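Peer 1: Take this structure first; my questions come after.
The values are calculated or read from the model by the stated rules, or taken from the named source; none is laboratory data. From a predicted model like this one, the values you see are computed outputs, not experimental measurements. No Cβ is skipped: glycine too gets one built from the backbone with ideal geometry, and neighbour counts run over all protein chains shown.
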Amino acid sequence: MQSSNNNEIRILALVGSFRSGSFNQALIQEARELASEHIRIDDFDLRTVPLYDGDLEAAGDPEEVAALKRAIARADALLIATPEYNGSVPAVLKNAIDWASRRTPDSHLRGKPVAVMGASPSPGGTRRAQVHLREILDRTGADVIDEPSLYLARAFEHVTDGRLTSEDAREAVREIFGWLVDTVAINSAEAVNSAEAVGVAG
Ligand SMILES: Cc1cc2nc3c(=O)[nH]c(=O)nc-3n(C[C@H](O)[C@H](O)[C@H](O)COP(=O)(O)O)c2cc1C
């Protein structure tokens, strides 16, 4: 675990929509309500991140990019809620991942547990966007999960005033959140075990 407080799990939430009343923000809002004394959800406003530009990067990461990388490094896991735009991932999410994937000196996405979910008014429920997003994350070396998953179709039937109202959708978010927390706990226990093994061997 990356957290300074050993008892705390930190999950960084990223959302590919800034719209007020966003269905995808509603998914993250549900996850926020599952946070507890020991599980913290951090947000990062992707609007602040400039478009990827190799010249900007060569001159040193802009502060907003450095802040994004720090937020990813601090997090034990990422939880991403993505809309689907023209059958794929919104540019804001792809842009953030492109910056974060750069090895300066190392990408903090490598090995990071990531869960993906998404909501749309269409019957597909962001399935195509999530397929692309998982492929992109896979390329970065992130540890992205396939299941449990949430493709929230006809989202207008499940969201009212920016809140998830259907029990099925809420349960799906709970399952994904639970998986993420369990994965972080298992990784943490494995890290402790291997550190102890090295200690014994040394
Ligand atoms: C440029 C653009 C392209 C879109 N393409 C798709 C699409 O391919 N599939 C889909 O299900 N919805 C598509 N939509 C509709 C979005 O799913 C809808 O706007 C959704 O509410 C966005 O997520 P949000 O509620 O979190 O803002 C598109 C919307 C925009 C603005």
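Peer 1: Within region 32-42, is even one residue in contact with a Lys or Arg (Cβ under 7 Å, 6 or more places away or on another chain), outside any loop (DSSP other than H, G, I, E, B) and more than 26 Å from SER166 (Cα to Cα)? Even if it seems obvious, please write down each step before you answer.
Peer 2: At the first step, the residues of region 32-42 found to be in contact with a Lys or Arg (Cβ under 7 Å, 6 or more places away or on another chain) are 34, 40-42.
So of that shortlist, the ones also outside any loop (DSSP other than H, G, I, E, B) come out as 40-42.
In the following step, the residues that additionally are more than 26 Å from SER166 (Cα to Cα) were identified as none.
Within region 32-42, not a single residue is in contact with a Lys or Arg (Cβ under 7 Å, 6 or more places away or on another chain), outside any loop (DSSP other than H, G, I, E, B) and more than 26 Å from SER166 (Cα to Cα).
Peer 1: Hey, can you tell me all the residues within region 70-93 that are within 14 Å of ALA142 (Cα to Cα) and buried (at least 17 other Cβ atoms within 10 Å of the Cβ)? Outline the logic, then answer.
Peer 2: Applying the first criterion (within 14 Å of ALA142 (Cα to Cα)) to region 70-93 yields 72-73, 75-80.
Of everything in region 70-93, those that are within 14 Å of ALA142 (Cα to Cα) and buried (at least 17 other Cβ atoms within 10 Å of the Cβ) turn out to be ILE72, ALA75, ASP76, ALA77, LEU78, LEU79, ILE80.
Peer 1: Only one of (1) part of a helix (DSSP H, G or I); (2) at pLDDT 95 or above; (3) farther than 30 Å from LEU56 by Cβ is not met by ALA195, so which one is it?
Peer 2: (2)
Peer 1: Could you list all residues from region 69-117 that are among the hydrophobic types (A, V, I, L, M, F, W, C) and part of a loop (DSSP other than H, G, I, E, B)?
Peer 2: Restricting attention to region 69-117, the residues satisfying the condition of being among the hydrophobic types (A, V, I, L, M, F, W, C) are 71-73, 75, 77-81, 89, 91-93, 96-97, 99-100, 109, 114-117.
If the condition is that a residue be among the hydrophobic types (A, V, I, L, M, F, W, C) and part of a loop (DSSP other than H, G, I, E, B), then ALA75, VAL89, LEU109 are the ones that fit.
Peer 1: Please go through region 132-149 and give me each residue that is of a type outside the set (Lys, Arg) and closer than 15 Å to GLY16 by Cα, ordered by number. Break it down stepwise before answering.
Peer 2: Start the filter on region 132-149 by keeping residues that are of a type outside the set (Lys, Arg), which leaves 132-133, 135-138, 140-149.
Those that are of a type outside the set (Lys, Arg) and closer than 15 Å to GLY16 by Cα: HIS132, LEU133, ILE136, LEU137.
Peer 1: Given the criterion crowded, with 20+ Cβ neighbours inside 10 Å and hydroxyl-bearing (Ser, Thr, Tyr), identify the matching residue among SER36, SER17. Break it down into steps so the answer makes sense when it comes.
Peer 2: Details: SER36 fails: crowded, with 20+ Cβ neighbours inside 10 Å.
Of SER36, SER17, the one residue that is crowded, with 20+ Cβ neighbours inside 10 Å and hydroxyl-bearing (Ser, Thr, Tyr) is SER17.
Peer 1: Also, I was wondering about something else. I'd like the residue in region 108-127 that is more than 7 Å from the ligand (Cβ to nearest atom) and over 16 Å from the mean Cα position of the chain (by Cα) and, out of all such residues, is surrounded by the fewest Cβ atoms within 10 Å (Cβ to Cβ).
Peer 2: PRO123
Peer 1: Quick check on this structure: which one of PHE156, PHE177 is surrounded by 21 or more Cβ atoms within 10 Å (Cβ to Cβ) and assigned to a helix (DSSP H, G or I)? Reasoning before the result, please.
Peer 2: Details: PHE156 fails: surrounded by 21 or more Cβ atoms within 10 Å (Cβ to Cβ).
One residue alone meets the criteria, PHE177.
Peer 1: Please determine, by comparing only the residues of region 8-31 that are within 16 Å of the ligand (Cβ to nearest atom) and assigned to a loop (DSSP other than H, G, I, E, B), which one is farthest from ALA96 (Cα to Cα). Don't jump to the end; show me each part of the working.
Peer 2: Just the residues of region 8-31 that are within 16 Å of the ligand (Cβ to nearest atom), to begin with: 13-31.
Those still in the list that are assigned to a loop (DSSP other than H, G, I, E, B) too: 16-22.
Numbers: GLY16: 10, SER17: 13, PHE18: 14, ARG19: 18, SER20: 20, GLY21: 22, SER22: 19 Å.
Of everything passing the filter in region 8-31, GLY21 is farthest from ALA96 (Cα to Cα).
Peer 1: A follow-up question, please. For the subset of region 69-84 comprising residues that are free of Cβ contacts under 8 Å to residues at least 60 places away in the same chain and of a type outside the set (A, V, I, L, M, F, W, C), which member is nearest to the ligand (Cβ to nearest atom)? First the steps, then the outcome.
Peer 2: Step one: filter region 69-84 for residues free of Cβ contacts under 8 Å to residues at least 60 places away in the same chain, giving 69-71, 84.
Those still in the list that are of a type outside the set (A, V, I, L, M, F, W, C) too: 69-70, 84.
On the way: LYS69: 25, ARG70: 26, GLU84: 4 Å.
For region 69-84, the residue satisfying everything is GLU84.
Peer 1: In region 46-68, is there at least one residue being surrounded by 14 or more Cβ atoms within 10 Å (Cβ to Cβ), within 16 Å of the ligand (Cβ to nearest atom) and either modelled with pLDDT of 95 or more or in a loop (DSSP other than H, G, I, E, B) (or both)?
Peer 2: Checked region 46-68: at least one residue is surrounded by 14 or more Cβ atoms within 10 Å (Cβ to Cβ), within 16 Å of the ligand (Cβ to nearest atom) and either modelled with pLDDT of 95 or more or in a loop (DSSP other than H, G, I, E, B) (or both).
Peer 1: What do you reckon, is ARG163 touching a residue at least 40 places away in the same chain (Cβ under 8 Å), farther than 30 Å from LEU51 by Cβ, in contact with a helix residue (DSSP H, G or I) (Cβ under 7 Å, 6 or more places away or on another chain) and charged (D, E, K, R)? It would help to see each step written out before you state the result.
Peer 2: Working: touching a residue at least 40 places away in the same chain (Cβ under 8 Å): yes; farther than 30 Å from LEU51 by Cβ: yes; in contact with a helix residue (DSSP H, G or I) (Cβ under 7 Å, 6 or more places away or on another chain): yes; charged (D, E, K, R): yes.
Criteria met by ARG163.
Peer 1: Same structure, new question: Would you tally the residues in region 118-132 being touching a Gly at 6+ places or on another chain (Cβ under 9 Å) and part of a helix (DSSP H, G or I)? Full working, then the answer.
Peer 2: Step one: filter region 118-132 for residues touching a Gly at 6+ places or on another chain (Cβ under 9 Å), giving 118-119, 124-130, 132.
Filter once more, keeping what is part of a helix (DSSP H, G or I): 127-130, 132.
Looking only at that region, the number is 5.
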